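Only one structure is covered here, and it is reproduced in the block below.
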Amino acid sequence: MTALRYAYLGLAIWGAIHPMYYFLAYMRETGTGLGGLIDAWYVNASTTGLTWDLTIAALTLTLWVLAETFVRRNWLALVAIPATFCIGVSCGLPLYLFLRSRPVAA
């Protein structure tokens, strides 16, 4: 495995763990659960803008994953879509790049 693939994998793992730490901490502190976390995304113009920024990035990544998956027939890369929407773009994008950069069988 190349150094670049290790970097993508490391970033995907970091992108899954680090943001989740803050999400879980927030839900523990407020006791509001997932609903409270989602409400916090729209508490002011700054967080709403960031939420839309990440939503648009997630939709763009999903479109890219789907388009390339059908061309390259790299079906495993589809796992980047649920990773993006269940964890975040910080996990989904590097995970997709990791899966995309693997050698393709002839």
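The values are calculated or read from the model by the stated rules, or taken from the named source; none is laboratory data. Just so it is clear, the model here is predicted, and its values are computed rather than measured. Neighbour counts run over all protein chains shown; Cβ positions are idealised from the backbone, glycine included.
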Residue that is modelled with the lowest pLDDT [pool: residues in region 62-77 that are surrounded by 15 or more Cβ atoms within 10 Å (Cβ to Cβ) and touching a Ser or Thr at 6+ places or on another chain (Cβ under 7 Å)]: ALA77
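Go through the residues of region 27-46 one by one and say whether even a single one is touching a helix residue (DSSP H, G or I) at 6+ places or on another chain (Cβ under 8 Å), in a loop (DSSP other than H, G, I, E, B) and of a type outside the set (Phe, Trp, Tyr). Spell out the reasoning first.
Step one: list which residues in region 27-46 are touching a helix residue (DSSP H, G or I) at 6+ places or on another chain (Cβ under 8 Å), which gives 27, 30, 32-34, 36-37, 40-42.
Then drop every residue that is not in a loop (DSSP other than H, G, I, E, B), which leaves 32, 41-42.
Okay, now just the ones that are also of a type outside the set (Phe, Trp, Tyr), so 32.
The answer is yes; a qualifying residue exists.
Residue-by-condition table, conditions (1) among the polar types (S, T, N, Q); (2) within 18 Å of GLY88 (Cβ to Cβ):
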site	(1), (2)
THR2	yes, no
ARG5	no, no
ILE13	no, yes
ILE38	no, yes
VAL43	no, no
THR60	yes, yes
LEU63	no, yes
ALA67	no, no
Residue list for region 61-106, restricted to those being over 26 Å from LEU50 (Cβ atoms), touching a residue at least 60 places away in the same chain (Cβ under 8 Å) and touching a Phe, Trp or Tyr at 6+ places or on another chain (Cβ under 8 Å): SER101
Let me spell it out: the conditions are (1) at pLDDT 95 or above; (2) within 17 Å of the chain's Cα centre (by Cα), and ALA3 meets all of them except one. Which number is the exception? (2)
